[in-house]
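The values are calculated or read from the model by the stated rules, or taken from the named source; none is laboratory data. Predicted model only: the values in this text are computed from it and were never measured. With ideal geometry, Cβ positions are generated from the backbone for all residues, glycine too; neighbour counts draw on all protein chains shown.
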Amino acid sequence: MGMTITEKILSRHAGLEEVRPGMLINARVDIALGNDITAPIAIDAFRKAGGKEVFDTKKVVLVPDHFAPNKDIDSAEQCKLMRDFAHEQAITHYFEVGEAGIEHALLPEKGIVVPGDVVIGADSHTCTYGALGAFATGVGSTDLAAAMITGELWFKVPETIKFIYHGNARPWVSGKDLILYTIGRIGVHGALYRAMEFVGEIFRVLPMADRMTMANMAVEAGGKSGIFIPDEITEVYVRKRAERPYEFYTSDPDALYHSTIDIDVTKIEPQVAFPHLPSNTKGISEVGNVPIDQSFIGSCTNGWIEDLRVAAEILKGRHIAYGHRLIIIPATPAIYRQAMKEGLFDIFLDAGGVISLPTCGPCLGGYMGILAKGERSVSTTNRNFVGRMGHPESEVYLAGPAVAAATAVAGRLAGPEQL
Amino acid sequence: MKFTGKIWKFGDNIDTDAIIPARYLNIRDPQGLAAHCMEDADPDFMKKMKKGDIIVGGENFGCGSSREHAPIAIKAAGIACVVARSFARIFYRNSFNMGLPIFESRTLWGEVTDGSEIEVDADTGLIRIPGVSADPVRIQPVPPFMQELIADGGLMNHIAKGRAK
């Protein structure tokens, strides 16, 4: 019997001929990631366990991105603790403010994570790297500490659900709409403990950024990981970036799946997830009249250059609604520079928007766009839980960059075709 | 392991932002985190709860972020254990790794109300609800490897033990 791509990657890293769902394995970890929120707790655990040196200075990656540049004194202390540790351990991939961006955009961009890898990160959106055909999953700080010492970690081999996307997308429909629609269909624990494998002809035309967006939100359906089978698009993206040799794995035709879910892409319109769950989705034609105070375009989900181009296409020659706030955060310094070069900043500024430095910032209610009581934000991020972006009585509406930009112009939930 | 306590009942999909809002993630002292435990699910939770109380959740308890601050806050608040219909996977891992006792039960949630007293017996795998039901509720069995983690006192001790061999 064949194996899925996920089973193959895990078996290779566990040194086994084959693995099957449910098996507990110890697997070698190619990259272990932490950020300024999760690494400090991992570093405490590392030291408490008598850790002296990390298992590989090139394979432990530390990125200050959540509350960095430091948002307050406590955050400054957390960042300093991580920085001191990175210097002490001579960590190759520690990124100081100025080089740092949102971790899940930065690592693929720099070629630090590559196809065929096993990646663990003390951040739930580590699953993003599945876009490259890697097994990547979020863990806690103690797991990170263990991996920093041993270079391996225990995993339960997940069952895989295969999602097959049929047909072509309507105008303005992006990977974000596909994944929101999918989560709306299966629910926030529809893929609990399982790997989500995304396949379909449509991925031959969508850019890598859309795969990142979709794999990124696998955790929002409860998934352990999201994964794409690497292809020519992967090759083009990875070839010029990879800092290590990489390997393309694929699922066998006779691989066993937990289930298969067919999705008709032609029926999907731009999506909005209403408060307070990512599964609470509606098509843009069904949203009704919802006045919105703020539009945020950014995050590890939708802070890619492709997302900024979509927003600019809609905002060009237009101005945001009176009293509305538009906040744009390119995910990395390279994306920031590219957007500037392409003239996107002029478009955003002329439209009345503001461009912030790369940070996770407002997505998790950190800073750079916190909501007051009763305020509503449309957001290209991944979670709309109670209080996620500010006051517990504020509201977050998740959408792709097209809807976020159109909403900024309309001052209420809207798609580009409603302008 | 036996836990007897008053329960605080929550619904489905209690996310880690509700358990410990991100605005407090610049803190890592357990007591500092505990002060805000469950704040966005019930702002008065810490005023009402007592040490040894038990949280009962619905489906997908602890979904969302990977923040270990969530089980740390619950444990430091003095909650004895959490019983839910199901747990989000990172929260599940984290709890075992850092030593917060958690149990899955498909049926308990439907049989108890906020404020009920329950007795959780991890050794027999049964939960009793005195005064409500004579029949105990069964806990989903804990996989042997996870039992080993608990017995060793969490993941870091388990690794230290493995390396000492």
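Laid out as a table, the results:
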item	result
Residue identified as surrounded by fewer than 20 Cβ atoms within 10 Å (Cβ to Cβ), at pLDDT 95 or above, assigned to a helix (DSSP H, G or I) and not assigned by TED's automatic domain parsing to the domain that holds A:Leu308 among A:Ile179, A:Ile233	A:Ile233
Selected residue [modelled with pLDDT of 95 or more and in contact with a strand residue (DSSP E or B) (Cβ under 7 Å, 6 or more places away or on another chain)] from A:Glu269, A:Glu286	A:Glu269
Subset of region B:6-30 [over 13 Å from B:Phe45 (Cβ atoms), among the hydrophobic types (A, V, I, L, M, F, W, C) and part of a helix (DSSP H, G or I)]	B:Ala22
Helices (runs of 4 or more DSSP H) fully within region A:55-159 counting 3 or more residues that are away from chain B (no Cβ under 11 Å)	A:73-88, A:103-109
Residue list for region A:3-36, filter: of a type outside the set (Gly, Ala, Ser), more than 13 Å from chain B (Cβ to nearest Cβ), outside any loop (DSSP other than H, G, I, E, B) and crowded, with 21+ Cβ neighbours inside 10 Å	A:Ile5, A:Thr6, A:Glu7, A:Lys8, A:Ile9, A:Leu10, A:His13, A:Ile31
A:Gly411 vs. criteria at pLDDT 95 or above, closer than 20 Å to A:Ala312 by Cβ and touching a His at 6+ places or on another chain (Cβ under 9 Å)	yes
Selection within region A:37-50 - more than 9 Å from every other protein chain (Cβ to nearest Cβ) and assigned to a loop (DSSP other than H, G, I, E, B)	none
Flag if A:Ser11 is out of contact with any helix residue (DSSP H, G or I) (no Cβ under 9 Å at 6 or more places or on another chain) and closer than 30 Å to A:Ile370 by Cβ	no
Residue check, A:Leu206 in a strand (DSSP E or B) and surrounded by fewer than 24 Cβ atoms within 10 Å (Cβ to Cβ)	no
Top-ranked residue of region B:40-61 - restricted to ones that are within 8 Å of chain A (Cβ to nearest Cβ), under 23 Å from B:Asn26 (Cβ atoms) and not small (Gly, Ala, Ser), ranked as surrounded by the fewest Cβ atoms within 10 Å (Cβ to Cβ)	B:Pro43
Region B:9-28: number of residues that are more than 10 Å from chain A (Cβ to nearest Cβ) and either surrounded by fewer than 21 Cβ atoms within 10 Å (Cβ to Cβ) or of a type in the set (Ser, Thr, Tyr) (or both)	2
One residue from A:Lys52, A:Lys8, A:Lys71, A:Lys80 being farther than 28 Å from A:Pro245 by Cα, touching a residue at least 60 places away in the same chain (Cβ under 8 Å), out of contact with any strand residue (DSSP E or B) (no Cβ under 6 Å at 6 or more places or on another chain) and not aliphatic (A, V, I, L, M)	A:Lys71
Candidate set: region A:58-68, residues that are in contact (Cβ under 8 Å) with a residue 60 or more places away in the chain and either of a type in the set (D, E, K, R) or not assigned by TED's automatic domain parsing to the domain that holds A:Asp30 (or both); chosen: the one surrounded by the fewest Cβ atoms within 10 Å (Cβ to Cβ)	A:Lys59
Enumerated strands (runs of 3 or more DSSP E) restricted to region A:287-384, each holding at least 1 residues that are small (Gly, Ala, Ser) and surrounded by 22 or more Cβ atoms within 10 Å (Cβ to Cβ)	A:294-297, A:376-379
Region A:160-178, subset more than 24 Å from A:Ser11 (Cβ to Cβ) and of a type in the set (D, E, K, R), residue farthest from the other protein chains (Cβ to nearest Cβ)	A:Arg170
Helices (runs of 4 or more DSSP H) wholly inside region B:62-165 that include at least 3 residues being surrounded by 21 or more Cβ atoms within 10 Å (Cβ to Cβ) and either in contact with a Leu (Cβ under 8 Å, 6 or more places away or on another chain) or on the phi > 0 side of the Ramachandran plot (or both)	B:69-77, B:89-98
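Yes/no matrix, rows are residues, columns are (1) modelled with pLDDT of 95 or more; (2) outside the structural domain of A:Pro158 (by TED's automatic domain parsing); (3) crowded, with 19+ Cβ neighbours inside 10 Å; (4) closer than 30 Å to A:Tyr367 by Cα:
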| site | (1), (2), (3), (4) |
| --- | --- |
| A:Ile41 | yes, no, yes, yes |
| A:Lys48 | no, no, no, no |
| A:Lys52 | yes, no, no, no |
| A:Ala76 | yes, no, no, yes |
| A:Ala86 | yes, no, yes, yes |
| A:Ile91 | yes, no, yes, yes |
| A:Tyr94 | yes, no, yes, yes |
